[in-house]
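These notes are about the structure you will find just below.
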Amino acid sequence: MDHALDPVHRTWGETGETLAVVARGPPTAMRQIVQRIESLLTERGRADTE
C-alpha cells in the first residue's frame with residue numbers, strides 16, 4: 001500500500017497531511033461521502049484555530 005500511494009504522497013504530501021479515499025457506489029453516495037469529509041475537515045480546521 002505504501003508503495004502504491006507513494007506518488008500521491010510525493011505530489012500532495014508536501015503541503016500537509018495526505019488523505020486518499022477509494023470508494024465505489026452510486027453518484028449520490030459519493031457526493032454524501034465528499035460532503036461529510038469536507039464537513040469534518042472544516043470542523044477540524046476550526047478546532048485547530050481555537
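Against the list (1) open to solvent by 90 Å² or more (accessible area, probe 1.4 Å); (2) at pLDDT below 80, the condition residue 41 fails is (2). Taking the stated definitions as given, is residue 29 hydrophobic (A, V, I, L, M, F, W, C) and modelled with pLDDT of 80 or more? Yes. All conditions in (1) modelled with pLDDT of 80 or more; (2) of a type in the set (Ser, Thr, Tyr); (3) exposed (fewer than 10 other Cβ atoms within 10 Å of the Cβ) hold for residue 11, with the sole exception of (3).
The values are calculated or read from the model by the stated rules, or taken from the named source; none is laboratory data. Everything quoted here is computed from the prediction, not taken from an experiment. Methodologically, a virtual Cβ is constructed for each residue, glycine included, from the backbone with ideal geometry; neighbour enumeration extends over all protein chains shown. Note: accessible area is taken over every heavy atom of the protein model, side chains too, but ligands, DNA and RNA are not part of it. Shrake-Rupley method; radii C 1.70, N 1.55, O 1.52, S 1.80 Å.
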